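Notes follow the structure.
The values are calculated or read from the model by the stated rules, or taken from the named source; none is laboratory data. Just so we're clear, the structure is a prediction, and the values are computed from it rather than from any experiment. Neighbour counts run over all protein chains shown; Cβ positions are idealised from the backbone, glycine included. Please note that ligands, DNA and RNA were not included when accessible areas were found on the heavy atoms of the full protein model with its side chains. Shrake-Rupley method; radii C 1.70, N 1.55, O 1.52, S 1.80 Å.
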Amino acid sequence: MINTRPIDQAADILSNAQTVVALTGAGISVESGIPPFRGKGGLWEKMDPMEVAHIDAFLENPERVWRLLIKDMKTVLDTARPNPGHTGLVDLEQMGRLQTIITQNVDGLHQAAGSSDVIEFHGNFAWQRCLDCDQTIRTDQVDLAKIPPQCGCGGILRPDCIFFGEMIPPEALVRSQQLAAACDVMLVIGTSAMVQPSASIPFIAKDNGADIIEVNPEPTPLSGRISNLQLMGRAANLVPQLAGGVRKRLNSH
Ligand code: APR
């Protein structure tokens, strides 16, 4: 019997795959209470990213960026916990059907869920870095009584994440491109695929013969262009279903 539902086709492809890589974005953490950047209820609907998330804007007025963006980000990320979208990927990894996650998210929720190989393409908010002495401090150790918060040396602290206008850490970029070129399936989950260079990662995978499976409630620039399958819906709902379908197939082999 030919499986016609996209989620069944996706489970078929994954259960026969050798090397699977996932690229994730803000959408996978929406069910953990972290708003996305774009689309309905997105952060960039309320504020201009070039005014609050560009390195020039931060260096020009760190207090303003801390007040408008980073302080609230800390409040939200402090209480965020992994959701079934994150744990579904851990299940796929434990079945040997997912090797590495390339995430654009700075929330650390993949690692908190138990994923063992995560490339943090845009850094991690769990650390702050001093602009002067370059020392890193755990974000939960930073005293926000003073904005912008300062390092012991008196230097201003900034999140150890990638602002617009900054380079992606070379090791993360090169490793992601290599894995994309070598995988036979790429899961693209909860990203609008609008921001470079992460948005080019699925194209590298496609150019090297991989199947592209998207999980997103909305179409993206990849949909109908390079995606073989689109699972239209929320990650917290569809990723566990997908893992369940793969488990059923592996158990029936
Ligand atoms: N499950 C899956 N996908 C979802 C869900 C959900 N519950 N809710 C929303 N989405 C989708 C949206 O339809 C959208 O396509 O997630 C995507 C979120 O897109 P963005 O907010 O643009 O996030 P992302 O693609 O990760 O942004 C890339 O841009 O602002 C910068 O540095 C920031 O890492 C970020 C980068």
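Numbers at a glance
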| quantity | calculated |
| --- | --- |
| Filter pass, ASP78 being more than 30 Å from LEU231 (Cβ to Cβ), free of Cβ contacts under 8 Å to residues at least 40 places away in the same chain and acidic (Asp, Glu) | no |
| Pairs where the first residue, in region 227-239, is near the ligand (Cβ under 7 Å from one of its atoms) and the second is aliphatic (A, V, I, L, M) and part of a helix (DSSP H, G or I), C-beta under 7 Å, 6+ apart | ALA235/ILE28 |
| Scope region 80-91; condition within 17 Å of VAL185 (Cβ to Cβ) and within 16 Å of the ligand (Cβ to nearest atom); matching residues | GLY88, LEU89 |
| Number of the exception - LYS71 against (1) free of Cβ contacts under 8 Å to residues at least 40 places away in the same chain; (2) open to solvent by 70 Å² or more (accessible area, probe 1.4 Å) | (1) |
| Selection status of LEU59, open to solvent by 70 Å² or more (accessible area, probe 1.4 Å), part of a helix (DSSP H, G or I), farther than 30 Å from THR19 by Cβ and in contact with a Leu (Cβ under 9 Å, 6 or more places away or on another chain) | yes |
| The one condition in (1) more than 22 Å from ILE189 (Cβ to Cβ); (2) open to solvent by 60 Å² or more (accessible area, probe 1.4 Å); (3) within 21 Å of the chain's Cα centre (by Cα) that HIS54 fails to fulfil | (2) |
| Residues of region 197-220 classified as within 10 Å of the ligand (Cβ to nearest atom) and open to solvent by 40 Å² or more (accessible area, probe 1.4 Å), total | 3 |
| Hey, ILE201 in contact with a Leu (Cβ under 6 Å, 6 or more places away or on another chain), not in a helix (DSSP H, G or I) and not polar (S, T, N, Q) or not | no |
| Residue that is farthest from the ligand (Cβ to nearest atom), among those in region 167-196 that are open to solvent by 60 Å² or more (accessible area, probe 1.4 Å) and in contact (Cβ under 8 Å) with a residue 12 or more places away in the chain | ALA182 |
| Any hit, region 205-216, residues being within 20 Å of VAL118 (Cβ to Cβ) and assigned to a helix (DSSP H, G or I) | yes |
| Considering residues of region 100-120 that are in a loop (DSSP other than H, G, I, E, B) and of a type in the set (Ser, Thr, Tyr) only, the residue most open to solvent (accessible area, probe 1.4 Å) | SER116 |
| All positions within region 144-166 that are in contact (Cβ under 8 Å) with a residue 24 or more places away in the chain and surrounded by fewer than 17 Cβ atoms within 10 Å (Cβ to Cβ) | LEU144, ILE147, GLY155, PHE164, GLY165, GLU166 |
| Residue check, GLY25 open to solvent by less than 60 Å² (accessible area, probe 1.4 Å), touching a Ser or Thr at 6+ places or on another chain (Cβ under 6 Å) and closer than 22 Å to SER227 by Cα | yes |
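Rundown of residues vs (1) of a type outside the set (A, V, I, L, M, F, W, C); (2) surrounded by fewer than 19 Cβ atoms within 10 Å (Cβ to Cβ); (3) touching a residue at least 24 places away in the same chain (Cβ under 8 Å); (4) more than 12 Å from the ligand (Cβ to nearest atom), yes/no style:
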| site | (1), (2), (3), (4) |
| --- | --- |
| ALA10 | no, no, yes, yes |
| THR19 | yes, yes, yes, yes |
| ILE34 | no, no, yes, no |
| LYS46 | yes, yes, no, yes |
